[in-house]
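What follows is a single structure, written as structure tokens, with notes after it.
The values are calculated or read from the model by the stated rules, or taken from the named source; none is laboratory data. Note that this is a predicted model, so its numbers are computed, not measured. Counting neighbours? That spans all protein chains shown, and the Cβs are built from the backbone with ideal geometry, glycine included. With ligands, DNA and RNA removed, areas are computed over all heavy atoms of the protein, side chains included. Shrake-Rupley method; radii C 1.70, N 1.55, O 1.52, S 1.80 Å.
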Amino acid sequence: MDFKANEKKWQKKWDEEEKFKAIDFSDKQKYYILVEFPYPSGTGLHVGHTPSQIAMDIIARKRRAEGYNVLYPIGWDAFGLPTENYAIKNGISPIKATATNVENFTRQIKSLGISFDWSREINTTAEDYYKWTQWIFLQFYKKGLAYKATANINWCPNCKIGLSNEESEGGVCERCGSATVQKPKTQWMLKMSEYSEKLLQGLDETNYWENIKTMQRNWIGKSSGTLLHCKLESGEGFDVFTTCIETVFGITYFVLAPEHELVEKLKDKIKNYDEVKAYIEKTASKSEFERSQMLKEKTGCVLEGIYAINPINGKKVPVFIGDYVLAGYGSGAVMAVPTHDQRDYDFAKLFSLPMIEVVSGGDVSTQAFEKADYLGKGCRLINSGEFNGLTVEEAKDALNSYLEKNGLGEKINTYKMRDWVFSRQRYWGEPVPIVHCEKCGHVPVPDDQLPVTLPKVESYKPTDDGESPLSLITDWVNTTCPHCGGKAKRETDVMPNWAGSSWYWLRYMDPHNDKEFASFDKIKYWDKVDLYNGGGEHVTRHLLYARFWHKFLYDNGFVSNSEPFDRRVQQGIILATDGSKMSKSRGNVVDPMKYVMEYGADVTRIAHMFMGDYCETKPWREDVFKPCERLLNRIVALGEKVDKNISTQNKFILAQSIKKVSEDIEGLKFNTAVSQIMVLTNALEKMEKISEEDFKVLLSLACPFAPHTAEELWQEKGFEGRVDDKWPTFNEKDLVENLVEIAVQVNSKIVTKIMIDPTQSQEEILDIVKADDIVKNAISNKEIVKEIYVPKRIVNIIIK
RNA sequence: GCCGGUGUGGCGGAAUGGCAGACGCACGGGACUUAAAAUCCCGAGGUGGCAACACCGUGUGGGUUCGACUCCCACCACCGGCACCA
């Protein structure tokens with residue numbers, strides 16, 4: 001068969017008959033499969049995209065054959081830096097570049113025979129899409145969850161440009177290689193922290209892989225502890241957060257983050273303010289890179305003349321600032337107990353500060369005796385006044401109630417997860433739909449004026465002060481206030497790349513709706529994404545952002561379910577053939593289209609799946625293409641052996657294959673599913689003639705992997721209907737072979753192998769085994785202590 | 001440092017606690033061919049042996065069990081994520 005010609009033929013036919021169109025409100029049970037939509041880069045489809053698209057296509061095709069109404073959509077996550085940079089460099093508009101790339105991607109994906117419902121194609125850069133991205137942003141704004149605040153951006157002092165985290169990995173500018181610094185800038189933020197607990201709890205409602213849940217839990221980083229209300233000698237109050245309130249008697253000093261508001265307030269009382277100021281400035285100018293270099297090396301500065309009172313015992317202790325205390329976590333201040341916290345210990349050594357041991361059972365002469373060392377070991381408090389003698393666990397409770405009763409503290413939870421910096425100083429993104437009016441302040445653009453479209457300028461340049469390129473397009477920036485009609489300026493920041501992907505699965509449900517982002521009825525019908533496939537790198541980014549938006553929409557009555565995705569799975573990363581990372585700069589990127597051209601889509605699809613475990617990281621291999629091509633050719637050749645007049649002689653292997661292939665597809669074990677198709681093919685090849693049933697089962701099982709060839713052979717043989725009309729089933733009783741070889745062990749060593757009828761009773765089988773000459777010989781004159789029979793597998797006779 | 005994951009022939013990889021190495025690749029031998037490619041058949045974990053066979057084998061060391069790649073404990077190596085989170 002000419003695979004390639006055949007593939008074109010079927011792809012055209014599928015297109016014409018809209019075979020893969022998902023039907024809203026169909027009576028069939030719905031099944032929603034989602035792959036992360038690609039970023040249409042200029043380099044075309046690569047092997048980072050193809051395995052997941054093929055794998056999910058296999059599941060989609062199986063589900064359709066099983067009678068489901070499958071939604072398997074595709075679209076483009078097209079805002080982003082590469083396109084913007086490409087556009088700047090070549091002086092063409094990103095819109096044009098995107099259109100070209102999308103066209104290219106579409107052609108490539110279609111050539112693989114992926115059964116996407118193209119009628120639902122979306123593009124995050126289309127005005128009728130980002131209109132709704134902006135609309136959702138405004139819902140956040142109206143609920144007080146979008147606000148402006150000063151946050152740091154990665155700034156390259158050499159290029160004079162703000163960089164994304166990806167562009168400044170390791171604290172180095174991707175463009176020029178110089179060290180980046182943190183530059184404060186007023187930016188839009190989304191109050192994601194408010195959803196910490198909901199995002200954490202919601203994981204229990206999902207069927208994500210356990211490791212994905214764990215990663216998100218760690219990222220959210222909940223910890224329970226005590227907020228201790230403290231006072232300075234001079235009366236000013238401040239809070240510290242601690243998870244070890246049992247050590248409160250061991251406080252010998254406090255440390256504030258350099259950015260702590262109290263420092264500025266105390267300016268006049270701090271005797272060494274010059275020194276303090278210098279330290280603060282030094283901290284601020286430290287780049288991410290420097291900070292990571294300095295890791296664990298403590299620095300700090302005492303606030304001379306400032307003392308704080310330990311609320312538990314009224315003791316007066318000094319106050320420091322130190323950059324090991326993070327402004328953004330807890331209350332930005334810590335109580336320091338050097339005996340029971342290694343960081344405090346290091347700091348105390350540096351400044352020769354006193355130490356008080358308050359939990360017994362450790363040795364604090366050379367290092368701290370930390371909570372990981374003492375928790376759950378029955379250690380008791382010392383040097384802690386009336387709390388002496390309590391175990392750590394008892395002391396926690398006792399101290400918390402004492403503090404609460406006396407208004408000195410309360411139990412709280414804190415989270416590592418921060419609010420989301422939602423501004424980018426870029427061109428190619430969704431404009432933030434806010435207008436700045438001198439009189440009215442921030443004014444949201446009214447719904448009927450959405451979308452705020454990007455100005456279609458011929459060229460634009462990055463600014464040299466860190467502002468968005470949009471700020472230079474004055475025609476666009478100057479506008480009128482929707483509220484008072486006076487002069488106003490548009491917000492020039494755009495949204496981050498993650499915005500468009502934070503709700504796209506909802507748009508697929510109703511992609512052409514111009515009244516709402518998607519109708520509630522359709523959202524209710526399609527419900528959760530049943531199976532969501534994506535990359536591991538998105539677990540703490542996109543996947544978390546998406547859940548956040550979805551939960552917000554749920555809380556405001558726009559969607560029907562509080563979690564967007566039911567099952568989340570990950571494909572393994574494909575490495576270069578030598579096991580190194582694939583990258584453009586190394587020039588080792590594999591182009592899957594090369595294989596489609598050489599072998600055709602079906603062989604390429606099977607080869608992708610046969611390469612190894614779908615979920616494991618693995619190098620790309622070429623040596624799987626030949627055997628997969630051979631497999632297809634052998635299946636084609638088997639067609640010649642089909643004899644209408646015979647019935648199957650292969651009940652067992654057919655049943656076994658249906659079971660194995662079905663289960664393996666469900667379990668994402670595509671490699672072993674292919675193996676089983678090979679096993680079945682091998683078995684059928686050994687036959688002189690095969691029945692129609694034999695061949696039909698083979699084609700049906702092969703269809704998700706090699707749909708074009710399966711369709712064609714089905715038609716060629718004149719079988720009824722289409723190959724994927726139904727998924728084959730089997731009878732349990734066919735799974736039982738009438739003769740099985742079992743191993744016979746004496747004292748757990750194999751002595752022989754015997755053919756038995758597995759339907760016989762254990763007694764009968766043991767009798768047959770013991771009648772065997774070799775076995776007889778092995779157990780002669782010995783006492784049989786125990787006999788073990790594992791059905792269809794093994795007999796073990798224990799003798800003494 | 002913390003949290004995940006992985007470790008099996010020359011290679012990719014299979015194995016509900018039950019015959020380790022399915023299915024393939026590469027390899028060797030053979031058939032077809034003037035020859036090659038393609039295709040087909042046979043062989044094959046390692047060591048020793050002409051052989052039957054024996055011994056050794058799933059990162060390392062222990063343990064549980066009639067029986068362990070699989071379960072438990074300790075450790076090593078590699079990969080991924082987080083990382084001064086109070």
So which strands (runs of 3 or more DSSP E) are wholly in the stretch A:178-245 and hold at least 2 residues that are more than 13 Å from RNA strand B (Cβ to nearest atom) and more than 27 Å from the chain's Cα centre (by Cα)? A:181-190, A:223-232
Subset of the stretch A:455-481, residues closer than 19 Å to A:Gly441 by Cα and open to solvent by less than 50 Å² (accessible area, probe 1.4 Å), comes to A:Ser471, A:Trp476, A:Val477, A:Thr479, A:Cys481
Would you tally the residues in the stretch A:346-383 being within 16 Å of RNA strand B (Cβ to nearest atom), within 21 Å of A:Lys298 (Cβ to Cβ), open to solvent by 70 Å² or more (accessible area, probe 1.4 Å) and without any contact (Cβ under 8 Å) to a residue 40 or more places away in the chain? 3
Sole exception among (1) within 18 Å of A:Ala308 (Cβ to Cβ); (2) at pLDDT 95 or above; (3) in contact with a Lys or Arg (Cβ under 9 Å, 6 or more places away or on another chain) for A:Val248, by number: (3)
Of the numbered conditions (1) closer than 29 Å to A:Lys191 by Cβ; (2) of a type in the set (Ser, Thr, Tyr); (3) open to solvent by 10 Å² or more (accessible area, probe 1.4 Å), A:Ser423 fails exactly one; give the number of that condition. (3)
Number of the exception - A:Glu261 against (1) under 40 Å from the mean Cα position of the chain (by Cα); (2) more than 29 Å from A:Tyr374 (Cβ to Cβ); (3) surrounded by 16 or more Cβ atoms within 10 Å (Cβ to Cβ): (3)
Residue list for the stretch A:394-417, filter: within 16 Å of RNA strand B (Cβ to nearest atom) and within 12 Å of A:Glu246 (Cα to Cα): A:Ala395, A:Lys396, A:Leu399, A:Asn400, A:Leu403
Selection from the stretch A:556-571 of residues that are modelled with pLDDT of 95 or more and outside any strand (DSSP E or B): A:Asn556, A:Gly557, A:Phe558, A:Val559, A:Ser560, A:Asn561, A:Ser562, A:Glu563, A:Pro564
Hey, among A:Val181, A:Val276, which residue is without any contact (Cβ under 8 Å) to a residue 60 or more places away in the chain, more than 30 Å from A:Asn400 (Cα to Cα), open to solvent by less than 50 Å² (accessible area, probe 1.4 Å) and among the hydrophobic types (A, V, I, L, M, F, W, C)? A:Val276
So which residues in the stretch A:654-665 are among the charged types (D, E, K, R) and in contact (Cβ under 8 Å) with a residue 40 or more places away in the chain? A:Lys659
Condition met for A:Tyr554 (aromatic (Phe, Trp, Tyr) and open to solvent by 20 Å² or more (accessible area, probe 1.4 Å)): yes
For helices (runs of 4 or more DSSP H) lying entirely in the stretch A:604-718, having 2 or more residues that are near RNA strand B (Cβ under 8 Å from one of its atoms) and open to solvent by 30 Å² or more (accessible area, probe 1.4 Å) picks out A:625-638, A:670-685
For the stretch A:755-800, enumerate the residues that are closer than 24 Å to A:Glu737 by Cα, open to solvent by less than 80 Å² (accessible area, probe 1.4 Å), without any contact (Cβ under 8 Å) to a residue 24 or more places away in the chain and not in a helix (DSSP H, G or I). A:Ile756, A:Asp757, A:Gln760, A:Ser761, A:Glu787, A:Ile788, A:Val790
Only unsatisfied item for A:Leu735, checking (1) within 16 Å of RNA strand B (Cβ to nearest atom); (2) open to solvent by 20 Å² or more (accessible area, probe 1.4 Å); (3) free of Cβ contacts under 8 Å to residues at least 60 places away in the same chain, is (3)
Qualifying position, being within 14 Å of RNA strand B (Cβ to nearest atom), of a type outside the set (S, T, N, Q) and touching a residue at least 40 places away in the same chain (Cβ under 8 Å), among A:Val744, A:Val751: A:Val744
Output the qualifying pairs, or none if there are none: Cβ atoms under 9 angstrom, residues six or more apart or on different chains, first residue in the stretch A:210-224 and touching a residue at least 60 places away in the same chain (Cβ under 8 Å), second residue in a helix (DSSP H, G or I) and within 8 Å of RNA strand B (Cβ to nearest atom). A:Ile212/A:Gly536; A:Met215/A:Gly536
Could you tell me whether any residue of the stretch A:361-381 is hydroxyl-bearing (Ser, Thr, Tyr) and touching a Leu at 6+ places or on another chain (Cβ under 9 Å)? no
Would you list the helices (runs of 4 or more DSSP H) that sit entirely within the stretch A:1-103 and hold 2 or more residues that are within 24 Å of A:Pro455 (Cβ to Cβ) and open to solvent by less than 20 Å² (accessible area, probe 1.4 Å)? A:81-90
Residues of the stretch A:104-123 classified as outside any helix (DSSP H, G or I) and open to solvent by less than 40 Å² (accessible area, probe 1.4 Å), total: 8
What is the number of the single condition among (1) at pLDDT 95 or above; (2) more than 26 Å from A:Asn211 (Cβ to Cβ); (3) open to solvent by 10 Å² or more (accessible area, probe 1.4 Å); (4) of a type in the set (D, E, K, R) that A:Lys528 does not meet? (2)
